[in-house]
Amino acid sequence: MPPRNYFSFFLSFLFSHDFHLYFHVFQQVDSFLQKLSTEVEHKPPMGQPTNIVIVTDGQLPLRQCLLPETCSKGINDPPAVFGIFYDLRKEFRKGFPNAPEINSIQDMINYLNLEPEESAGVVQQNATRREAQDMGRILQRLLKEGHKFENPETIHLRLEPGICSKDEEVDSNTVVRARGLPWQSSDQDIARFFRGLNVARGGVALCLSPQGRRNGEALVRFISPEHRDMALKRHKHHIGQRYIEVYKATGEDFIDVAGGINNEAQNFLSRSGQVIVRMRGLPYDCTAKQVVEFFESGGEDVGSTVLDGDSGVLFVKKHDGRATGDAFVMFATEEEGSKALAKHRDIIGSRYIELFRSTTAEVQQVLNRSMDPRTYETQAPLIPQLPQMPLLPQNMITSGTRKDCIRLRGLPYEAQVEHILEFLGEHAKSIVYQGVHMVYNAQGQPSGEAFIQMDSEQSSFQAAQQRHHRYMVFGKKQRYIEVFQCSGEDMHVVLTGGLALPSTPATPKALLSP
């Protein structure tokens with residue numbers, strides 16, 4: 001197929017909803033470019049993957065159109081040729097610095113006084129092909145005038161790790177805040193949402209709640225204000241079924257979350273690993289050797305090697321040196337990291353361990369917070385003792401580290417217990433007597449959350465797995481509900497703001513919410 005027809009074919013399917021067709025066309029174009037590059041005699045410049053380079057009309061075709069579409073179509077590794085290009089508008093301004101403001105191909109054609117295609121004897125074509133031909137004529141004119149195409153635009157197709165210091169200055173015009181992220185999103189997932197734009201090294205900082213959990217927000221730092229401005233145009237684009245809000249933020253916001261002062265964290269992050277895994281639920285007396293053996297167990301096929309052995313394990317401790325049950329572990333490659341994450345909910349001693357992919361910014365944030373004595377001070381309860389609310393006594397709130405509870409988020413404010421039972425379906429049979437607890441705010445209004453006690457950890461695990469990200473139908477409304485497995489201790493922290501349970505011979509297990 002002739003080159004012009006080939007690219008017209010590719011462009012016509014750019015927004016096809018058929019993944020297989022989209023991927024097939026991508027492969028065809030990549031094969032065509034690879035074949036074309038073998039026919040060109042000169043070698044590609046240093047650092048350039050091929051001697052064929054794409055030229056675009058501005059930044060948007062690749063950065064805001066093609067590459068975001070590969071992400072939404074599930075193409076994780078687009079061909080390298082789409083990671084480097086020349087912006088014709090920028091090259092035109094370099095070649096003709098005295099030209100007026102250029103906003104289109106037609107502006108360039110007019111400035112150069114090039115003949116219209118019809119007058120040049122070219123048969124009338126469709127608009128896309130005609131514009132490509134005009135771009136070719138402009139390129140020929142630039143080359144004729146002696147313009148050299150140097151320093152092409154690059155697109156980072158993968159987030160690179162990096163360390164941020166508290167003393168570092170960050171330009172506020174390069175930072176955005178993303179809200180509404182799925183709680184399980186990693187830094188790579190967020191960078192993938194902004195695919196096409198260049199995120200700075202270590203430029204994704206996941207925000208944590210006062211309890212140290214991810215709160216669905218992240219601060220993202222880009223390499224330039226130009227990329228930040230393009231990122232703001234991703235406002236209300238989607239990750240899965242969730243739309244993500246994108247707002248301006250400041251450099252101080254980013255430093256507050258990502259900046260580190262902990263020497264132990266700096267030494268850990270200075271290693272050359274590609275994947276950081278966060279461990280939660282460790283026994284307090286767990287050692288680095290036990291962690292290394294935990295990941296190595298199962299043999300070569302399922303076991304993974306911790307980078308630098310015991311030195312690749314960083315335990316999170318309180319300011320007085322006591323353990324928190326959390327740790328970060330470094331792995332050298334994506335393959336090793338993937339095998340490590342597959343051990344999610346495996347056992348150390350009698351505790352099953354939760355594993356999450358983490359980030360350099362999260363390591364610094366968690367370590368900074370753990371060393372601050374104020375972190376463990378008693379906080380104001382989420383449900384204060386309001387006189388107009390018939391609250392239960394504090395000793396009626398369950399506790400314990402067994403993860404036999406689930407937490408629901410995103411409930412309609414009008415939702416009642418019966419609506420929750422209907423939403424859970426067959427899993428409602430596993431709820432203990434009077435085990436549904438609605439959460440209210442300080443004004444006594446529903447907060448959109450609820451805690452539910454199940455009869456076993458297995459029941460809560462199954463409910464969270466099968467009902468997470470499902471819809472609750474409430475009248476004409478459809479609400480997207482998040483369901484997480486948690487422990488009675490987690491529930492107690494949220495309901496009482498961390499107040500200690502009084503010492504009683506036996507704490508009632510089945511409770512009624514306010």
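The values are calculated or read from the model by the stated rules, or taken from the named source; none is laboratory data. This structure is a prediction, so every number in the text was calculated from the model and none was measured. Cβ sites come from the backbone with ideal geometry, for glycine too, and all protein chains shown count toward neighbours. With ligands, DNA and RNA removed, areas are computed over all heavy atoms of the protein, side chains included. Shrake-Rupley method; radii C 1.70, N 1.55, O 1.52, S 1.80 Å.
Taking other residues whose beta carbon is less than 14 angstrom from the beta carbon of GLU101, and scoring Lys, Arg as +1 and Asp, Glu as -1, yields +2.
Taken along the Cα-to-beta-carbon direction at a fixed 7 Å, the label points for GLN27 and LYS248 span 4.6 nm. Counting only protein chain heavy atoms and rolling a 1.4 Å probe, the accessible areas of CYS486, CYS65 rank, largest first, as CYS65, CYS486. Residue-wise HN-Hα couplings along the stretch 168-176, as the Karplus relation 6.51 cos²θ - 1.76 cosθ + 1.60 with θ = phi - 60° gives them from phi, are 6, 9, 10, 5, 5, 7, 10, 10, 10 Hz; Gly and Pro carry x. Find which of ILE420, VAL432, SER459 sits farthest along the positive direction of the dipole of the stretch 405-496, computed with +1 on the beta-carbon of Lys and Arg, -1 on that of Asp and Glu, about the Cα centre. Of the listed residues, the answer is ILE420. Along its principal axes, the stretch 405-496 has C-alpha extents of 33, 29, 22 angstrom, given from the largest down. Fully extending the segment from ASP77 to PHE356 would add 98.2 nm, taking 0.36 nm per residue of separation and subtracting the current Cα-Cα distance. Remark on the stretch 140-184: hydrodynamic radius 16.0 angstrom, per the Kirkwood mean of 1/r across alpha carbon pairs. Run the accessible area of the stretch 175-258 with a 1.4 Å probe and give the carbon-and-sulfur part as a rounded percent. Using a 1.4 Å probe with all protein chains present, the stretch 175-258 comes out at 47 percent carbon and sulfur. Figure legend: label point modelled 7 angstrom from the Cα of TYR413 along Cα→Cβ; residues of the stretch 433-475 with amide N under 14 Å from it are 440-449. Per-residue extension of 0.36 nm, minus the Cα-Cα distance of GLN184 and ASP346, leaves a gain of 56.5 nm for this segment.
Basic side chains Lys and Arg get +1 at the Cβ, acidic Asp and Glu get -1 at the Cβ, and with that the dipole of the stretch 175-258 about its Cα centre reaches some 280 debye. May I ask for the net charge around ILE353, where only other residues with Cβ less than 9 Å from the Cβ of ILE353 are counted and Lys, Arg are +1 while Asp, Glu are -1? Within the 9 Å Cβ shell, the charges total +2.
Counting protein heavy atoms only, the stretch 286-351 has 47 percent of its accessible area on carbon and sulfur, 1.4 angstrom probe.
Neighbours of PRO152, meaning other residues whose beta-carbon lies under 12 angstrom from its beta-carbon, give a summed charge of -2 when Lys and Arg score +1 and Asp and Glu score -1.
Spin-label model, ASN263/TYR471: points 7 Å from Cα along the beta carbon direction are separated by 5.6 nm.
3J(HN,Hα) along the stretch 55-62: 10, 10, 8, x, 7, 5, x, 8 Hz, from the Karplus curve 6.51 cos²θ - 1.76 cosθ + 1.60 with θ = phi - 60°, whole Hz, x for Gly and Pro. The label-point distance for ALA127 and GLN211, in a model that sets each label 7 Å from Cα toward Cβ, rounds to 5.3 nm.
Rolling a 1.4 Å probe across the protein heavy atoms gives the stretch 263-371 an accessible surface of 45 Å² per residue.
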